[in-house]
């Protein structure tokens, strides 16, 4: 069963790369630029970009209240990556967050653009690691008791490092950019979410093959 409607916030950031990743999975997403574009959607991607600018545009185009209402009402699943993950979560200082995910994220935690990097992400319950691209990435400082960690940066000697992929109900947040690789697992797991009926199986590896 496919989602009822999939959108990508297309105000700023890497919306095109997310759209291409979704199209490779057989889904043609809608670009969301105004409140009316949310009508009929069951799934929405908040892409990476500049988090302060994205927050400003969400307010400018009157999307904030409707996004919060739809998510809290259980009718919309959201994938937030990098800046999108920052907006989903909580934290002090700018930008103004949506505060839908009980986790604290710190923006630009690894440094400037030149400090961007790629590395392995170990997925819980999946023996095959995922390649994560971290561009001016945030860091997850706190994870709420109802939030599940689905992926960690690979630490020393292969031990789990810091969390980089979270799930809470119908929200998924990644501090990296899954749209910049050919691995479909994050997007496939997001599409498998059913806002009206949250799935019991939260494992990423059951949703698609790499």
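Since every read-out is calculated from the coordinates, none of them should be taken as a lab result. If you're wondering where the values come from, they're calculated on a predicted model, not measured in any experiment. Here the Cβ positions follow ideal geometry from the backbone for every residue, glycine too, while neighbour counts run over all protein chains shown.
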Between the range 5-25 and the range 40-91, the Cα center-to-center distance that results, in Å: 13 Å
Packing rank of 11-23, 175-187, where each peptide gets the mean count of other beta carbons within 10 Å, highest leading: 175-187, 11-23
Relative frequency of Cα-Cα separations exceeding 14 Å in the range 19-88, percent: 62 percent
For the chain: relative contact order, % (alpha-carbon pairs under 8 angstrom, 6 or more apart): 19 percent
DSSP bridge orientation in the range 6-192 - percent antiparallel, rounded to nearest 5: 60 percent
Net length gained if the chain between residue 196 and residue 69 were fully extended (0.36 nm per residue, minus Cα distance): 44.3 nm
Label of the coordinate-derived value, Cα Rg over 2.2 N^0.38 Å, listed as (1) 1.07; (2) 0.92; (3) 0.98: (2)
Highest to lowest packing among 31-42, 95-106, 78-89, scored as the average C-beta count within 10 Å: 78-89, 95-106, 31-42
Highest average packing first - 163-169, 142-148, Cβ atoms within 10 Å: 163-169, 142-148
